[in-house]
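**Student:** Please find one structure pasted underneath; my questions will follow.
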2 protein chains.
Amino acid sequence: MSRPKATRVSMADVAKLAGVSSQTVSRVANGHPSVVGSTRQQVLAAMKELHYRPNSAARALKSGQFRTIGVILFTLSSTGNSRTLEAIATHAALQGYAITLIPVAVPTQDSVLGAFTRLGELAVDGVIVIMEVHLLDAATVTLPPNVQVVVVDSDAGDRYAVVDTDQADGARQAVEHLLELGHRTVWHVTGPEESFAGERRTQAWRDTLTAAGREIPPPLRGDWSAESGYRAGLALADEPGCTAVFAANDQMALGVLRAMHERGRAVPADVSVVGFDDIPDATSFIPPLTTVHQDFAEVGRRCVEGILRQIDSGETGPGTALVPTRLQVRSSTAPPPPGR
Amino acid sequence: MSRPKATRVSMADVAKLAGVSSQTVSRVANGHPSVVGSTRQQVLAAMKELHYRPNSAARALKSGQFRTIGVILFTLSSTGNSRTLEAIATHAALQGYAITLIPVAVPTQDSVLGAFTRLGELAVDGVIVIMEVHLLDAATVTLPPNVQVVVVDSDAGDRYAVVDTDQADGARQAVEHLLELGHRTVWHVTGPEESFAGERRTQAWRDTLTAAGREIPPPLRGDWSAESGYRAGLALADEPGCTAVFAANDQMALGVLRAMHERGRAVPADVSVVGFDDIPDATSFIPPLTTVHQDFAEVGRRCVEGILRQIDSGETGPGTALVPTRLQVRSSTAPPPPGR
DNA sequence: CTGCGTAATGTTTACGTAAACATCAGCTCG
DNA sequence: CGAGCTGATGTTTACGTAAACATTACGCAG
């Protein structure tokens, strides 16, 4: 480590140039009222001349606040995570907060624990966790006491504040849409086992079919990837009774579409397909995909609001906030072929 | 703002419990060699008992270094940006650096300037800019002198260190692949005008055709979205001479595929399509897409390496580093139909 | 016209860390 | 056997900011 030491301009420098005390400079910088106009002008001029910028480290040391929110996440490769992160960053910036990213390479308990441990040394006032959350269980103890937490995609509503898309209602809308079109039942390609979001979508699919008194076909396990949707789709294409498929996300729906296409089963004439997420590309699938729209921006906004409320009040606020979903009907769904 | 004041544990507290001076605690914390084993053990035990965590604000104030890298970006909605960001975050974490996100909501010069201004107050040692960079021109002056910069996707190699995918070579590979298959010429759906990456891909497409002595069809302007690719695709489907399309990214290629499908032009039998990026979904397009693979992880890694080198040396290092691309051949390309 | 309140500004101090310097004990070497 | 050195630890100080307290000066009420 060399010492470039670009001799940062401090309040003392500004004070000297303006002929006032450094405390007056501080008052001007923080908009304190009891500074007379002429003095304020002088200080502002000096600041400008020296290109003064406050030192956030010193400020944080003094105030104990960093005006920074940490975001722990496992991956950015899913549309949902990156869109949520973007919304978080945007809203945090509006409130004058910065975002520090804490990637967890492998979603093991050890690495999550490691992330939480490092957290104590990180300059953050609060943390938003975007992750399958049963990995958090053991991490609770390590949480620094003065750091607030908001969790996305979790069932930890009893311990932390949780913000999530209303997965169950979205899945219900998807399944009911297909039943209303006249399908006897709806087949399902699930997300990975360890995903709470996926679990909840699957549960709601099952519940909706049960409530309607329909038969429940065996679900096919996917892992969110288009590839896994394709494999499931190949299996479904060979099921003669399958006329409607609910894929737990749009990527897997894309895979199902390809499988149906390759096996010569027309969508939506022979088989209807519904996805979940409403990624931008979904409008250009073949055919354009009917899917459940998630409002990631709203999720991000509520996360920031929640964490800031906690930081300001100093109180953790367990409880779950659900962001509603909306079914976006496009061209991949239709009534079943006659005779079914 | 209330004062929760969870009375953080400081070195002094640890020192008192361990019966040593705070300086000795500091030495243990930083792995300084001249602390005898028994003392070290005592201090470590005290740290553990009190759950001591170093205060990064104080450390930063003392050292002038934050061990943090700022990343300025316009949007996370493009695959490239979010994948690059992820790689940056991962590699920075490996080096003990945190990432601070600085989103710029609207890509105007004003807001970029604003981001750079706020930067001076932010606790960062260096900045990575992921953005169309002609917006940076006016921002140069505002850059705090002790903050290093690395830029992605830019032609600013004369002023900043630039890391980028070898756009030109990737586009060349795509076009040559199509020519080698026997196509007379290659049509092109471009990215948005203001994108350097897009510009470079278009230029290389033109150059490659020129070098091969082929006719250069008028390029169709897109905006990276699948929707825009679809519109371009509809136009291309009506061009009887069009047997090969190079789309400047995979999303637009998806749109082209849909347009061809709707107009009854088979891919690849009637028309070949090549994309750019190799997003994960590309394997599940109908048909699986031949595309230029970008190594975003490598781009991110080199960004971090570059910025850390600059931080350590205290010197800016202009110059451009190019990350190679690779053509990933799948099923969307084939020789042109006979008679063309 | 004198004393007191108040508004404007200055001075002191503390935040937690770590570099620089100071001290002390034990050991080597002449 | 003692001077000097070395290694372990303690003490002082500074980083830049802002709260708390101190000091002016001025105006107004008694």
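The values are calculated or read from the model by the stated rules, or taken from the named source; none is laboratory data. These figures come from a predicted structure and were not determined experimentally. Backbone-built Cβ (ideal geometry, glycine too); neighbour counts: all protein chains shown. Remember, those area values only see protein heavy atoms, side chains included, never the ligands or the DNA or RNA. Shrake-Rupley method; radii C 1.70, N 1.55, O 1.52, S 1.80 Å.
**Student:** What residue among A:Leu50, A:Leu327, A:Val124 has its Cα farthest toward the positive end of the dipole of chain A, where the charges are +1 on Lys, Arg and -1 on Asp, Glu, each on the Cβ?
**Tutor:** A:Leu50
**Student:** State the antiparallel share, in %, of DSSP beta bridges confined to chain B, rounding to the nearest 5.
**Tutor:** 10 percent
**Student:** In addition: Sort B:Ser195, B:Ser34 from largest to smallest accessible area, using a 1.4 Å probe on the heavy atoms of the protein chains.
**Tutor:** Order by accessible area, largest first: B:Ser34, B:Ser195.
**Student:** I've got another one for you. In what sequence, highest mean first, do A:240-246, A:60-66, B:252-258 appear when ranked by Cβ atoms within 10 angstrom?
**Tutor:** Descending mean neighbour count gives B:252-258, A:240-246, A:60-66.
**Student:** Along the charge dipole of the protein assembly as shown, which of B:Gly198, A:Val152, A:Ile72 sits closest to the positive end, that is, farthest toward it, with unit charges on the beta carbon of Lys, Arg, Asp and Glu (+1, +1, -1, -1)?
**Tutor:** About the Cα centre, the residue reaching furthest to the positive side is A:Ile72.
**Student:** Ignoring ligands, DNA and RNA, how much accessible area is buried between chains A and B, both sides summed, with a 1.4 Å probe, to the nearest 100 Å²? Mind dumping the intermediate values first?
**Tutor:** Working: alone 16570 and 16570 Å², together 28080 Å².
Looking at A and B, the buried total is near 5100 Å².
**Student:** Please give the solvent-accessible surface of A:Tyr230 in Å², to the nearest 10, using a probe radius of 1.4 Å with every protein chain present.
**Tutor:** 40 Å²
**Student:** Here's something else I'd like to know. With a 1.4 Å probe and all protein chains kept in place, how much accessible area does B:Arg214 have, in Å² rounded to the nearest 10?
**Tutor:** Accessible area of B:Arg214: about 90 Å².
**Student:** Further question: Among B:Ala235, B:His188, B:Ala282, whose Cα sits farthest toward the positive end of the charge dipole of the range B:167-295 (+1 at Cβ of Lys/Arg, -1 at Cβ of Asp/Glu, about the Cα centre)?
**Tutor:** Checking the options against the dipole of the range B:167-295, the answer is B:Ala235.
**Student:** Measuring nothing but label to label, 7 Å from Cα along Cα→Cβ, what are A:Arg309's distances to the other copies in nm, shortest first?
**Tutor:** 4.9
**Student:** According to a simple spin-label model (label point 7 Å from Cα along Cα-to-Cβ), what is the distance in nm between A:Arg309 and A:Gln41?
**Tutor:** In this crude spin-label approximation the distance works out to 4.5 nm.
**Student:** Let me ask another. What nm distance separates the two modelled labels at A:Asp207 and B:Ser331, each placed 7 Å from Cα along Cα→Cβ?
**Tutor:** 3.9 nm
**Student:** Something else about it: How far is B:Leu181 from the same spot in each other copy, in nm, shortest first, if each label point sits 7 Å from Cα toward Cβ?
**Tutor:** 3.2
**Student:** Rolling a 1.4 Å sphere over the protein heavy atoms, what is the accessible area per residue of chain A, to the nearest Å²?
**Tutor:** Value returned for chain A: 41 Å² of accessible area per residue.
**Student:** Also, quick follow-up: With respect to the axis carrying A onto B, what is the closest chain A residue by Cβ position, and how many angstrom separate it from the axis?
**Tutor:** A:Ser82, 2
**Student:** How much length, in nm to one decimal, is gained on full extension between B:Glu262 and B:Ser111, taken as 0.36 nm per residue of separation minus their Cα-Cα distance?
**Tutor:** Here the answer is 50.2 nm.
**Student:** Moving on. Could you rank A:Glu298, B:Glu180, A:Glu239, B:Glu199 by how accessible they are, 1.4 Å probe, largest area first? Can you show the working numbers first?
**Tutor:** Working: A:Glu298 40, B:Glu180 150, A:Glu239 70, B:Glu199 105 Å².
I get B:Glu180, B:Glu199, A:Glu239, A:Glu298, largest accessible area first.
**Student:** Scan around B:Thr320 for amide H atoms under 5 Å from its own, H built in the peptide plane at 1.01 Å from N, and keep only partners 5 or more places away or cross-chain.
**Tutor:** B:Val162
**Student:** Further question on the same structure: Express the carbon and sulfur contribution to the solvent-accessible surface of the protein assembly as shown as a percent, rounded to the nearest whole number, probe 1.4 angstrom.
**Tutor:** Ligands and nucleic acids excluded, carbon and sulfur reach 53 percent.
**Student:** Please compute the average number of Cβ atoms from other chains found within 10 Å of each residue's Cβ in peptide B:91-99.
**Tutor:** 3
**Student:** Something else now. Got a sec to turn the phi values of the range A:239-250 into Karplus ³J(HN,Hα) couplings, 6.51 cos²θ - 1.76 cosθ + 1.60 with θ = phi - 60°, whole Hz, x for Gly and Pro?
**Tutor:** Taking θ as phi minus 60°, the curve returns 7, x, x, 7, 10, 8, 10, 10, 8, 6, 8, 5 Hz for the range A:239-250.
**Student:** Using the Cα centre of chain B as the reference point, and only Cβ charges (+1 on K/R, -1 on D/E), how large is the resulting charge dipole? Debye, rounded to the nearest 20. Don't skip to the end; give the middle numbers.
**Tutor:** Numbers: 31 positive and 36 negative charges, 336 e Å.
Roughly 1620 debye, rounded to the nearest 20.
**Student:** Please list, in chain and number order, the residues 5+ apart from B:Asp278 or on another chain whose amide H is under 5 Å from its amide H, with Hs placed from the backbone.
**Tutor:** B:Asp250, B:Val292, B:Gln294
**Student:** A further question follows. Could you give the semi-axes, largest first, of the ellipsoid that matches the protein assembly as shown, computed as the square roots of 5 times the alpha carbon gyration tensor eigenvalues and rounded to whole Å?
**Tutor:** Values for the protein assembly as shown, descending: 49, 33, 21 Å.
**Student:** While we're looking at this one, here's another question. Pull up the DSSP beta bridges for the protein assembly as shown and report the antiparallel fraction as a percent, rounded to 5.
**Tutor:** 10 percent
**Student:** Give the distance, in whole Å, between the Cα centre of the range A:77-103 and the Cα centre of the range A:215-250.
**Tutor:** Using only Cα atoms, the two centres lie 32 Å from each other.
**Student:** Determine the order of B:Thr100, A:Thr283 by accessible area, beginning with the largest, at a probe radius of 1.4 Å.
**Tutor:** Sorted by accessible area, descending: A:Thr283, B:Thr100.
**Student:** Taking B:Glu121 in one copy and the same position in all the others, each labelled 7 Å out along Cα→Cβ, what are the pairwise distances from the first, in nm, shortest first?
**Tutor:** Relative to the other copies, B:Glu121 has label-point distances of 2.8 nm.
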